[in-house]
Amino acid sequence: MSLAVIILPTNKTDSIISDRVRKIGQREKGLELEVIVTDANNEGYDLTDKIVTFSENKVGGKIVSDSSKDHIQVLNAKDGRFKYKLAEAVYAASGEAWFDISSKDGEVVDTTKSFDIDVIENAEIHINNDNYVSTLIDLETYYKAIIQRTDQQTTEMVNKYNGEVGQLLDNWKTQSEQINQDYEKQKEGLASDAQAEIDKIDKDKQAAIDAVNQGFKDKLSSIQADYDKWKQTTATDFEERINKVSEELTTAEKNQADMKETIDSAMAAVDKIKGVDFTKYVNKDDFNAALAKINTLANPTIVDNKTDPNSLIEPGVYLAKNGFNFAKGDIPPGYRSDGKTYMAVLEGDNPDNSINYFQQFMFQATKFDYECWHRAGYKYGTNAYYTVSFTNLKDIYGSALKQISVNGGTPISPDDKGVANIDLTNYETKEDADNLSKEINKRPVTVNNVSPDDKGNITIAIPDVSKMQQDITTLQNEMEEQKSKVAYHYADTLADGQKYSAANPQILTGTP
């Protein structure tokens with residue numbers, strides 16, 4: 001938002017400027033006032049190497065002094081054009097404003113004519129009407145300008161007073177001369193008239209002269225009274241301002257003492273880091289600005305779908321929102337001409353010759369799939385080059401080993417070198433397997449024409465032997481019973497034994 005352009009002269013002979021009032025509302029913020037400053041010849045005031053400061057005497061005796069670079073924007077230094085963004089304190093109350101022009105060393109060299117800022121207050125908004133000075137230098141500039149303006153106003157008033165007195169004297173002389181001339185003419189024309197008539201003319205002459213003299217005295221007294229009143233008011237106001245400047249400069253001196261103490265402390269800290277090479281560091285704003293210019297995936301160079309990727313050989317990241325245009329027919333398999341496509345270009349020196357060497361990595365993602373291609377090329381001169389065809393990286397790395405397991409066991413991931421270490425200590429070796437196979441081959445394939453099931457087991461039918469077991473038990477019992485009834489006879493010789501057995505068949509005979 002902007003206010004109407006205002007033209008402010010520095011020519012002190014101009015009594016007042018036209019269009020001197022600017023109305024603003026307390027609700028309005030960020031208003032800008034464009035200003036054209038003119039010199040003594042009513043031409044653009046050269047602001048080259050000058051500092052422009054906004055100054056305002058507000059209702060209630062408060063002041064505003066502002067030369068902040070955030071608020072003053074020079075549009076054309078040679079023509080005296082600049083723009084001022086109103087400080088927030090300006091909206092607090094109405095006031096009389098002007099602009100001070102200073103040299104680089106802070107010396108006030110000129111001031112503009114004043115203009116009025118009429119603030120339309122809002123009952124719902126309460127803004128503190130307090131002093132606002134953006135810097136200590138602005139405060140010093142403000143009071144230097146006040147002193148200069150007071151000197152100028154005094155000179156103007158004296159010149160005006162002298163001018164009016166001089167003009168009054170000239171008028172009196174002119175009227176006196178005219179009266180004398182009229183008198184002489186009337187006197188000559190009435191020479192023959194009576195003396196009474198001459199006396200009347202003399203009386204009229206004297207009355208006219210007395211009237212002119214009295215008018216001159218009255219006007220002179222009025223001017224003198226106005227001048228004395230203005231001089232007293234100006235002197236009182238100037239004395240008050242000087243006292244205020246003195247108080248504020250006393251405060252400033254104290255602040256400067258505190259600042260010196262702070263600076264001394266800072267310098268002590270600087271002494272501790274004198275060994276640091278600050279040439280190795282970069283300004284944060286410069287660094288951020290440099291980063292903003294670097295083509296990254298987050299800040300790619302945008303190209304349209306008419307761009308031939310063969311032409312993109314400068315390092316950086318490029319984005320074709322609707323795909324690239326392959327003018328030479330080397331479209332990679334699987335490429336979609338309407339897909340969002342990124343391309344990263346790397347550049348390096350070819351060690352064999354001076355031909356510039358570059359590589360391209362192109363990535364395309366669609367709702368169906370993703371593809372990533374790579375190719376390398378050489379550039380001859382400014383526009384002659386050749387490239388190898390695109391290689392789909394997914395074809396190379398898509399089937400690479402990710403995990404491996406033995407017989408469906410716990411999967412094992414490869415290390416950073418792609419090696420999967422498998423522990424086979426609990427598994428049979430090939431030699432063990434071969435020996436086991438040989439042992440198995442030695443065993444019967446069937447039992448009673450019965451083949452094993454899928455687990456190697458053979459089911460054999462077992463006959464009922466419970467009756468046989470009972471007969472065996474009965475026979476064993478009978479044998480034990482007979483054993484308990486047998487008697488033995490030991491003979492010295494076999495013949496004696498046989499003889500005894502023949503005679504005693506129920507007794508067994510044996511030799512010791």
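Restricting to region 95-128, count the residues that are over 34 Å from the mean Cα position of the chain (by Cα), surrounded by fewer than 20 Cβ atoms within 10 Å (Cβ to Cβ) and more than 19 Å from THR141 (Cβ to Cβ).
Going through region 95-128 one residue at a time, the tally reaches 7.
For region 66-91, enumerate the residues that are more than 30 Å from the chain's Cα centre (by Cα) and either among the β-branched types (Val, Ile, Thr) or assigned to a strand (DSSP E or B) (or both).
Listed by number, the list holds a single entry, ARG81.
Only residues that are in contact with a Ser or Thr (Cβ under 9 Å, 6 or more places away or on another chain) and either part of a strand (DSSP E or B) or surrounded by fewer than 15 Cβ atoms within 10 Å (Cβ to Cβ) (or both): list them for region 132-151, please.
Matches in region 132-151: TYR132, VAL133, THR135.
State the number of residues belonging to region 24-50 that are under 22 Å from GLY95 (Cα atoms) and either in a strand (DSSP E or B) or free of Cβ contacts under 8 Å to residues at least 40 places away in the same chain (or both).
Total satisfying the criteria: 8.
When region 109-130 is examined, which residues are found to be in a loop (DSSP other than H, G, I, E, B) and either touching a Cys at 6+ places or on another chain (Cβ under 7 Å) or farther than 10 Å from TYR91 by Cα (or both)?
Correct list: THR112, LYS113, SER114, ASN122, ALA123, GLU124, ILE125, HIS126, ASP130.
Criterion first (at pLDDT 80 or above, farther than 30 Å from SER413 by Cα and of a type in the set (Lys, Arg)) does LYS328 satisfy it?
no
Sort out which residues of region 105-120 are out of contact with any helix residue (DSSP H, G or I) (no Cβ under 9 Å at 6 or more places or on another chain) and touching a residue at least 60 places away in the same chain (Cβ under 8 Å), and write them in order of number.
THR112, LYS113, PHE115, ASP116, ASP118, ILE120
The values are calculated or read from the model by the stated rules, or taken from the named source; none is laboratory data. Being a predicted model, the structure only gives us computed values, none of them experimental. For neighbour counting, all protein chains shown are included, and Cβ atoms are generated from backbone atoms with ideal geometry for every residue, glycine included.
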